[in-house]
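Structure first, commentary second.
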Amino acid sequence: MISKPSPADLGFRMPAEWEPHSATWLSWPHNPATWPGQDMSKIEAVYIQMINALSKGEKVHLLVNHESAALKLNKFIKNNPVNFQNITIHFIPTNDAWMRDYGPNFLVRETTSGNREVAANLWKFNSWGEKYSWDMDIRVSRTITNLLEIEAFEPGIILEGGAIEVNGQGICITTEQCLLNPNRNNALGKTDMESYLRHYLGVEDVIWCQGNIEGDDTDGHIDNLVRFVNPNTVLCSWVDDSSDPNHACLKENLKILESYRDTNGKPLNIVRLPMPGRIEGDKERLPASYANFYIGNRAILLPTYNHSNDDVARYILKRFFADREIVGIPCETFIWGLGAIHCVTQQQPRAGN
């Protein structure tokens, strides 16, 4: 049941990712089962590259499970060119690294005095339909909001951060396969789900895309498929090859996005973002996508796969973020965890003037 007054009733909204951050939150990787058969030092190296890039423009909060991890992390930081003053380590235990999905969903509200206030939604989390352990992950959002001493809302339903994409100006894009999946909320209906999104994200329109891509254990998170890069422009994952099993889903999404019109009859500007080819795991295709990039204050973190489309994706992002460095983060090993850069990051918007 939607509580009253809801965040939207109080003037809160979920901001676009490119709006100013106070910080980025990360959980230091510690679970080898997440990256089966892979060298964990390579996973840690990816985190160090992300921290290097992000700490130049914003604070980075790192969650660790125990003191030995903190000592190891401090050694990494001191041996790399990061802005040490922008790094804060917290002893907050987690089951896994996917901060996007179990971390707080931050909101902002502009006041009449010109200030910006920050709050957060604490959605429930059940590890993508009870696929993995999550007994510690479910406490992370509340722990962080208590630490920050900000207002927290509890919608009372399950929703992961990677399942929603907003432009900060009234549009949310998601997928039917994820938000309407019975393994989340017992098949909560589309009308009811849209009501939750409007009340808790402060959006007006919800665009329902398709999320059937190979190897995706999230049941169709939108952050592998469609991303806003400005209020009216989306990058849409795409493959030209009609024999590729992902082609049908991506073609349908393109059609859905092309048919959208806002209340003024204005369409979206749609740019096709190529996929990085087929990357195989032990048993199935891995869900590699350039759409899983992260927008920091000064840097765009782009997952790369040693593929010719790496440069194409970099060029496309540079068109829309000319004022930010496009930092390629090698994810050939990282993607074995079935997620990439956006999946492990969570932006905290800036408060104040």
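List of remarks:
- Residues with amide H under 5 Å from that of SER27, placed H, sequence gap 5 or more: LEU63, MET99
- Order of VAL203, VAL239 - criterion: other Cβ atoms within 10 Å of each residue's Cβ, fewest first: VAL239, VAL203
- Charge tally in the Cβ shell below 11 Å around THR333, where Lys, Arg are +1 and Asp, Glu are -1, THR333 excluded: -2
- Of the residues ALA340, LEU268, VAL239, the one whose Cα sits farthest toward the positive end of the charge dipole of the range 237-353, with +1 on the Cβ of Lys and Arg and -1 on the Cβ of Asp and Glu, is LEU268.
- Relative compactness, the range 21-349, computed as alpha-carbon Rg over 2.2 N^0.38 Å: 0.94
- Sites listed here are trypsin sites (Lys or Arg not before Pro) in the range 68-167 whose DSSP assignment is loop and whose Cβ has at most 13 other Cβ atoms within 10 Å: LYS131.
- Along the axis of the charge dipole computed for the chain (Cβ charges of +1 for Lys and Arg, -1 for Asp and Glu, origin at the Cα centre), the listed residues GLY211, ASN306, GLN85 are led at the positive end by GLN85.
- R0 of 25 Å, Cβ-Cβ distance VAL312-ILE256: FRET efficiency to nearest 0.05: 0.60
- Least to most buried among CYS172, CYS343 (fewest other Cβ within 10 Å first): CYS172, CYS343
- Sum of -39500 (n - 2.57) over DSSP H runs of 4+, divided by residues of the chain (222 nm, nearest 500): -7000 deg cm²/dmol
- Among GLU17, GLU151, the order by Cβ neighbours within 10 angstrom, fewest to most, reads GLU151, GLU17.
Computed from the coordinates by the stated procedures, all read-outs in this text should not be read as laboratory data. Since we're looking at a predicted model, the values are computed, not measured. Quick reminder, even Gly has a Cβ in these numbers, built from the backbone with ideal geometry, and neighbours come from all protein chains shown.
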